[in-house]
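Please read the structure below before turning to the comments.
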Amino acid sequence: MSTKAWSDEEEAKLKDLYLTKTQDIEEIAQEFPHKGYRSIISKLVQLKIYQKPEEAQPDKTKTVKLMLRDLETMLDIEIEGTNLNKKENLKNLVESVTRLYTLANDK
C-alpha cells in the first residue's frame with residue numbers, strides 16, 4: 001500500500017492558492033514548507049492547472065530608424081540614413097557618447 005504525497009486537504013489548499021491568490025510558486029512554497037518547489041509544480045501539472053510563466057519578451061516595437069532618431073535627438077548629432085556600419089555615422093555616435101561620458105565624469 002502506497003501513501004499519497006499530497007493529502008486531499010493539501011491539494012485543495014494548493015488549488016485555491018494557485019487559482020485565486022497567486023501563481024508565484026515560491027510564494028506558494030512558503031505555505032508548504034515540507035514540499036519542494038518541483039513537487040509543487042508537478043502537482044499543479046498533474047491537476048492540469050499549471051501555466052508556465054511567460055518569459056519577458058524584448059521590445060520589438062521600435063525600428064532601427066526610430067532608435068537612431070532617438071539617439072540623434074539625445075546626442076544632438078545627425079546620422080545619415082540608418083546604417084551604423086557606415087564609418088562616418090558610427091564615428092559621430094562614438095564622439096557624441098565620448099563627450100557625454102567625459103562631461104558626466106568631470107562633475
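Looking at the structure I just gave you, is I41 at pLDDT below 80 and surrounded by 11 or more Cβ atoms within 10 Å (Cβ to Cβ)? Spelling it out, it is not the case that I41 is at pLDDT below 80 and surrounded by 11 or more Cβ atoms within 10 Å (Cβ to Cβ). Pairs meeting the criteria (first residue in the stretch 1-27 and among the charged types (D, E, K, R), second residue outside any loop (DSSP other than H, G, I, E, B), beta carbons under 8 Å, at least 6 apart or on different chains) are E11/K43; E26/Y37.
A search for C-beta distances below 6 Å between a residue of the stretch 29-41 that is free of Cβ contacts under 8 Å to residues at least 24 places away in the same chain and any residue that is not hydrophobic (A, V, I, L, M, F, W, C), counting only pairs 6+ apart in sequence or on different chains, returns A29/Y37. What are the residues in the stretch 14-41 that are touching a helix residue (DSSP H, G or I) at 6+ places or on another chain (Cβ under 9 Å) and aliphatic (A, V, I, L, M), if any? Hits for the stretch 14-41 are L14, L17, I25, I28, A29, I40, I41. Considering the stretch 89-105, and only residues there that are exposed (fewer than 10 other Cβ atoms within 10 Å of the Cβ) and over 30 Å from the mean Cα position of the chain (by Cα), the residue that is farthest from T73 (Cα to Cα) turns out to be N105. Counting only helices (runs of 4 or more DSSP H) wholly contained in the stretch 1-54, the ones carrying 2 or more residues that are within 23 Å of the chain's Cα centre (by Cα) occupy 25-29, 37-46.
The values are calculated or read from the model by the stated rules, or taken from the named source; none is laboratory data. All figures in this text were calculated on a predicted structure; none of them were measured in a lab. Ideal geometry is used to build each Cβ from the backbone, glycine not excepted, and the neighbour counts take in all protein chains shown.
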